[in-house]
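Only one structure is covered here, and it is reproduced in the block below.
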Amino acid sequence: MVGFIIITHGDFGRQLVKAAQIILGEQKEIWALSLHEDDGLDTLSERIAKILKKGNERSEGKIIFVDIFGGTPANASLKFVNDEKVEIISGVNLPMLIAGINYRRSLTLKQLARLIRRKGEESILDVKQKFLDRVSKAKDK
Amino acid sequence: MGLVLVRIDDRLIHGQVVENWMKFLKINHVVVVNDFVAGDRMQKTLFSMAVPEQAKISILSIAQAKEAILNGQFEGDRAMLLLVSPQDVLDLINKGVRIKEVNVGGMHYSPDKKQILKAISVSKQDIQAFQELDKLGVHLEARMVPDDEKIDIMEIIRRETTQS
């Protein structure tokens, strides 16, 4: 199973994990790290390093989800860019996390990272337009 | 395979259903059974958008659902029936549909209801309907998501009704 680390500005990531658990039930091997105003880049990297050592031995590696490319959570994660057992994805949202949880037992680290990225890209929709299109399609029938 | 799950959930199709139950039970056909939704185009459109594209969706009135089930329309599918209340389940059974087991996933709070579990609040009418279903031998389990513990809802109702 692939482990997840969610790193965000403030407690967004921690709450995101809670939100996913409302839908999918309690989850193991997910860690959330909150970056607060007084945290530096190095302390955050150290905290990531500690978590990367955690988890069971069968673990297929870990995916680090960060909120924004170029932000401190992303920059701190870049320290692990050469680790083959680590993937880093930015723009974390609920559909990405849910897809990740649903497939992390059945896909390899690389496949899972690709799926999560695709799910994230597909999750942003103009809901109003989509709805109105459907209604007019239903009318035509 | 037919009906894999019959669920009472007053939000009908939502995250827990789509992302969890459907995947867990490999559901390929979601059947909403509700007289109001079946007659309302807005609601129908909304719910039909909520299921993954590869799955089928049917939105039927109770009478239509009875016909569809008795005609074996879901036999080739792994279907999940979603209803909003125990009254509607009872209605479906009284119309001749055989249902042995019902999952109670969500009945949300309103001022005329009493909360008996985290996601389940019941009115007097709900309790009566559950008691009727129990008498008919329908097994009633409260469970929001597959990994949650199964709770015998009649046990809780018995406890609640003997208290008051």
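A few comments on the model shown:
- For region A:26-34, backbone phi angles converted through the Karplus equation (6.51, -1.76, 1.60; θ = phi - 60°) give residue-by-residue couplings of 4, 10, 9, 6, 10, 10, 10, 10, 9 Hz, Gly and Pro being listed as x.
- Within region A:3-140, antiparallel bridges make up roughly 5 percent of the DSSP beta bridges whose residues both belong there.
- Helical runs assigned H by DSSP (4 residues or longer) give chain A a calculated mean residue ellipticity at 222 nm of -15500 deg cm²/dmol, each run adding -39500 (n - 2.57) before division by the residue total.
- Percent RCO, i.e. relative contact order, over chain A, from Cα pairs under 8 Å lying at least 6 residues apart: 26 percent
- Taking other residues whose beta carbon is less than 15 angstrom from the beta carbon of B:His108, and scoring Lys, Arg as +1 and Asp, Glu as -1, yields +1.
- Annotation for region A:52-95: trypsin sites (Lys or Arg not before Pro) lying in DSSP loop with at most 12 further Cβ atoms inside 10 Å of their Cβ are A:Lys54, A:Arg58.
- Summary value for chain B: 28 percent relative contact order, contacts being C-alpha pairs under 8 angstrom separated by 6+ residues.
- Residue-averaged 222 nm ellipticity for chain B, from DSSP H runs of 4+ at -39500 (n - 2.57), nearest 500: -9500 deg cm²/dmol
- Pair A:Lys130, B:Phe36: separation of 7 Å Cα→Cβ label points (nm): 2.4 nm
- B:Ile57 long-range amide H proximity, modeled H, under 5 Å: B:Val30
- Set of aspartates and glutamates near B:Lys56 by C-alpha distance (under 14 Å), chain-local residues within fewer than 8 positions excluded: B:Glu75, B:Asp77
- Computing FRET efficiency as 1/(1 + (r/R0)^6) for A:Thr43 and B:Leu25, where r is the C-beta to C-beta distance and R0 is 30 Å, gives about 0.10.
- Per-residue ³J(HN,Hα) for region B:104-120, Karplus 6.51 cos²θ - 1.76 cosθ + 1.60, θ = phi - 60°, Hz, x for Gly and Pro: 9, x, x, 9, 7, 6, 9, x, 8, 10, 10, 7, 10, 9, 3, 10, 10
- Shape category assigned to region A:1-98 from the gyration tensor of Cα positions, a/c cut at 1.5: oblate
- Region B:2-163: antiparallel DSSP beta bridges as a percent of all, rounded to 5: 20 percent
Readers should treat all values here as calculations from the given coordinates under stated rules, not as data from a laboratory. Please read these numbers as outputs of a predicted model, since none were measured by experiment. Virtual Cβ from ideal backbone geometry, glycine too; neighbours counted across all protein chains shown.
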